[in-house]
1. Could you tell me what fraction of 2.2 N^0.38 Å the Cα radius of gyration of the chain comes to, as a two-decimal ratio?
2. Got a sec? Charge dipole of the chain, +1 on Cβ for Lys and Arg, -1 for Asp and Glu; which of Phe3, Phe264, Tyr243 is way out at the positive end?
3. Restricting to DSSP loop positions (anything but H, G, I, E, B) with no more than 14 other Cβ atoms inside 10 Å of their own Cβ, which trypsin sites (Lys or Arg not before Pro) remain in the range 108-166?
4. Tell me, what HN-Hα J-couplings in whole Hz come from the Karplus equation 6.51 cos²θ - 1.76 cosθ + 1.60 at θ = phi - 60° for each residue of the range 71-81, using x for Gly and Pro?
5. Rounded to the nearest 500 deg cm²/dmol, what is the calculated helix-only ellipticity per residue at 222 nm for the chain, with -39500 (n - 2.57) per DSSP H run of length n ≥ 4?
6. Hey, what do the phi angles of the range 325-330 turn into as Karplus ³J(HN,Hα) couplings, whole Hz, using 6.51/-1.76/1.60 and θ = phi - 60°, x for Gly and Pro?
7. Based only on Cα atoms, what Rg/Rh ratio does the range 86-168 have, Rh being taken as Kirkwood's radius?
8. Please report, in debye to the nearest 20, how large the charge dipole of the chain is about its Cα centre when each Lys and Arg carries +1 at its beta carbon and each Asp and Glu carries -1 there.
Amino acid sequence: MEFAFSKEDQAFQQEVRDFIKKELPPTWTGTGLMQEAKDGEEWEFAHSMLRKVGEKNWHSLAWPKEHGGWDSVTKQFIFSHEMYFNELPGVDLQGALMCAPTVIQYGTDQQKKDHLPKIAKGQEVWCQAFSEPGAGSDLASLSTKAVDKGDHFVVDGQKVWSTGAHRAEWALTLVRSNPDVPKHKGITFLLVNLKTPGVTVRFLPNIVGTYCEIFFDSVVVPKENMVGKQNDGWRVTGATLGYERSGIHRIAAARRNIDRLLEFAKETKRNGVPLFKDPLVRNRITQLVIEGEIARLLAVRIVYLQSNGKPMDHEASMSRVFGAELQQRVAQAGMQITRGFGLVGEGSKWAPLAGFFQRQYLYAAAATVGAGTSEIQRNIIAQRGLGLPRI
Ligand SMILES: Cc1cc2nc3c(=O)[nH]c(=O)nc-3n(C[C@H](O)[C@H](O)[C@H](O)COP(=O)(O)OP(=O)(O)OC[C@H]3O[C@@H](n4cnc5c(N)ncnc54)[C@H](O)[C@@H]3O)c2cc1C
């Protein structure tokens, strides 16, 4: 058993690190999550990085060679981890890591031809239009209606929580195409161009990110934009959500924040003694370091399964739950260790790390909802991951 990257992958890791060193502005305080970048300068920088990563041909690291990819889940892991750890935006979660593999698995040749080259170059921005006001965790109860008109659908309804939709050109969209069958069996998966007449995107400000609502008013979507078969969209959705769940951004961010907390505890003195000498603080941070390593190993396990063509299911859920909850534990430790100062307004000279852990606390709160909600992921683990033979 080998617990290290190959020489070639180590060289790639160095190349990514050199790229980050060159591109990361020393004053950058924005998020590494490209789709969550604030409008204005932050988004403009994130968008420029999307293209720069495209010039390196790094959006397609995990795609099969026949689709212009590198066929290397390991390189994708290395790239994503380095980028998120260093908080340089440019990983295209919704386009390269969710849309592209879905289209590769279920899309038509024309869809592959139309979208993969653009996504690979960072020239097409995607968003996900799954959730609705009445359909979140129970996504299959969605009600955005698509009426079959022969060669096209007419779509009416509303989506919500679509991250970054106001800047996206395309949306992965779920619609109810047959209301007369059990709910999972009447869903179709569409690629919808958000510039189509009848589509309205409305920005919905929130504490951390870039939520939007999307309204569909008699929107004509050609059948060529259907991914998979009509009324069989639930199968395609499962694949897309699997790609989303296996993402590494929470784990990389949590590990980076543990390092930050450690640095803070070593540099900050209380009663003349560095905080890190306090056994309670030291144990708390040490525990987080252990958990950061567990999170990394859970993520590596998914890389192993994917690179060996094995299915990943409850393993991705375990990684998702552990990563999201670790992010919360790190944020909570950060707030407690920085004490009352942690609550001082962001930017104040009295706010430790300029209010950094406050922001992390908000991000962590956001991680408690979302497609990876712990209860739902635990249900998946309980249904499919318990009592299985252990390796
Ligand atoms: C930061 C962020 C970004 C997002 N981006 C997108 C996006 O780009 N596109 C998109 O389509 N959606 C997006 N979402 C929406 C997300 O997918 C939904 O929030 C999620 O599916 C939960 O749905 P809900 O908010 O309606 O909560 P609900 O489904 O109402 O759940 C509320 C609570 O009840 C619990 N619960 C629900 N059902 C069960 C059950 N059966 N058993 C046990 N507990 C249960 C949940 O775990 C949760 O704690 C985003 C959400 C967040 C937080």
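The values are calculated or read from the model by the stated rules, or taken from the named source; none is laboratory data. Computed from a prediction, not measured in an experiment: that's the story for all the values here. FYI the Cβ positions are ideal-geometry reconstructions off the backbone, even for glycines, and counts take in every protein chain you see. Keep in mind that these areas ignore ligands, DNA and RNA; they rest on the heavy atoms of the full protein, side chains included. Shrake-Rupley method; radii C 1.70, N 1.55, O 1.52, S 1.80 Å.
1. Values: Rg = 21.6 Å, N = 391, 2.2 N^0.38 = 21.3 Å.
For the chain, the normalised Cα radius of gyration is 1.01.
2. Phe264
3. On the way: sites: Lys112, Lys113, Lys118, Lys121, Lys145, Lys149, Lys159; in loops: Lys149.
Taking the range 108-166 and a limit of 14 other Cβ atoms within 10 Å, the loop trypsin sites (Lys or Arg not before Pro) found are Lys149.
4. After applying 6.51 cos²θ - 1.76 cosθ + 1.60, I find 6, 9, 5, 5, 5, 4, 4, 4, 4, 4, 4 Hz.
5. On the way: 11 runs with 172 residues, N = 391.
Estimated from H runs of four or more residues: -14500 deg cm²/dmol.
6. 6, 5, 4, 5, 5, 5
7. Here the Rg-to-Rh quotient is 1.01.
8. Details: 48 positive and 43 negative charges, 195 e Å.
Rounded to the nearest 20 debye, it is 940 debye.
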